[in-house]
Every structure is written in structure tokens, then in C-alpha cells.
1. Restrict the search to segment 211-243; then list the trypsin sites (Lys or Arg not before Pro) that DSSP places in a loop and that have at most 15 other Cβ atoms within 10 Å of their Cβ.
2. When ranked by the protection proxy of mean other Cβ atoms within 10 Å per residue, highest first, what sequence do the peptides 75-86, 178-189 form?
3. What distance in nm lies between label points placed 7 Å from Cα along the C-beta direction at Glu32 and Asn44?
4. So which of Lys35/Lys148; Lys21/Lys242; Lys18/Lys242; Lys36/Lys111; Lys35/Lys242; Lys148/Lys185 end up more than 32 Å apart, counting from Cα to Cα?
Amino acid sequence: MRDIQSLSAQLGSNGNLKDLKIVIKIAKPSDETVKKVEDTITANGLAIVAAPLSFTISANYGNASIDINNFNSYVERTITIPEGIDPTQITTGIVIEADGSIRHIPTNIEKIDGQYIARINSLTNVVQTAYAYGLINGFQDGTFGPEKSITREQAMVIISKAMLLTDLPGVAHGSSAESIVGAYKDGNQVASWAVVGVADAISAGIVSGKVDNSLAPQAAITRAEVAVIIERLLQNSDLINKEPVK
């Protein structure tokens, strides 16, 4: 969760943590919210499996209160899947934003004591950019280049940073990273700033070389390749199922 000292400072408690309260609420949404969810689901051709729930976390001190909407690591929530629902038909948990847009969140379906549950994991209660979590940095000239394509090595570095958020282990800096990258015939083409990130992505089994034992680090990454590495990141981090639900 957020740094407790930071929350204390924002609320003006002057370090008096014993009177600082963290309030977690799981409740049925208002009728207005439920109607918005149903309209959004219908408009997108989806189906509701479990009744929508409202999750809120706040920090309170005296009469002051602030909502906690972003976290330092994944926060897990579990939802019981109602009897009679086929778990193999569940694709993902979603968040309905205030404007009616949909945001997918990592979801893992499990069977515990004969009951199917959905474990959903999120870093935030609201949409945050990849930049805010340090996954993507701008260029040295101060630009961000949101419309530019990215190279395979850039994608691997982004994934390696995401691994820190999902607690996937990387490799030791230095020679071990260089030896992993050097095992590929074009490993010497990986930029020095990207070596550790590329090695992390490889060692975690998220990225692999091409059939000719090359990394092609300077080549533009394709949409298909992005889809595969995101799926592997989520699976290897136990955020989505690796095998079909049975």
C-alpha cells in the first residue's frame, strides 16, 4: 500500500500514527452505478458473471480523509463465482470507470474447497499511466514520443521494470546479465543501457530469441510479439491462469 508516513503527512497527523485509520469498504454499488455497469456491459456485448462490487480504501485522521487509489504493489481481491456459472467462460475481471469506459484487470480463476473464485489484482483503483509507475521514460531531448514505434530491446526493458511490480525475480547485474545476452549471435547489438533489462526478460522466460538464435534488439516489435510477452508476464507472475480452468 502507499507509504504510511506519506499518508500521515498529507492528513496533517504530525506522525501520530495511532490515530490514523485505514478504512476498507466492500459494498454493493448504488442503483445508479449498477445501471451504468449494466448499460456499459450491454453496449460492449459482454455478460455479467458476478454482481458488481464497489471497493474503496481511504485514510482518515480526525475530520480529514483521503482516498487511496494507487499502491506500491498488486492488491489482491477475491470474488466468489456464483453457483451454476461455467468458470471456463470467464475471461477477465473489469473495472467500469466513472465515464463508462472499461478497464481490464489481471484475473486468475481458482477452485478452493469445491468453490470457484476469481482473484483479481490491481495496482490502482483508478487509471494510472505507465509513466507514473516508472515503466516508460521519455527521451533525452525531453520528448515522450507516444506515437513512435518501439524496438524489441525497449519493450524488454519496459517488461523488466514491470517485473519489479509483479515480484518476478531478475538476474544479478554485470557479468551474469552480459552472459545471458551474449549467448545470442547479435547480443552485442543490445545497447549498454538495455543489457540488464533484456537479460531479466529472458531469464524470467518472458522473452525468447528468434529461431536463428538472434534477439533482433533494434527491430520494431510487432503487435503479436507484444501480446505474447504481456501474456507471459501475467502468467509467470500468477496474475492470470497458465492452463484452462477445469
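Each reported figure results from applying straightforward, stated rules to the coordinates on display, with no laboratory input. What you are looking at is a predicted structure, and each value in this text was computed from that prediction instead of being measured. Don't worry about glycine lacking a Cβ; one is built from the backbone with ideal geometry, like all the others, and counts go over all protein chains shown.
1. Lys242
2. 178-189, 75-86
3. With each label placed 7 Å out from Cα toward Cβ, I get 2.2 nm.
4. On the way: Lys35/Lys148 39 Å; Lys21/Lys242 38 Å; Lys18/Lys242 43 Å; Lys36/Lys111 30 Å; Lys35/Lys242 34 Å; Lys148/Lys185 27 Å.
Over 32 Å apart, Cα to Cα: Lys35/Lys148; Lys21/Lys242; Lys18/Lys242; Lys35/Lys242.
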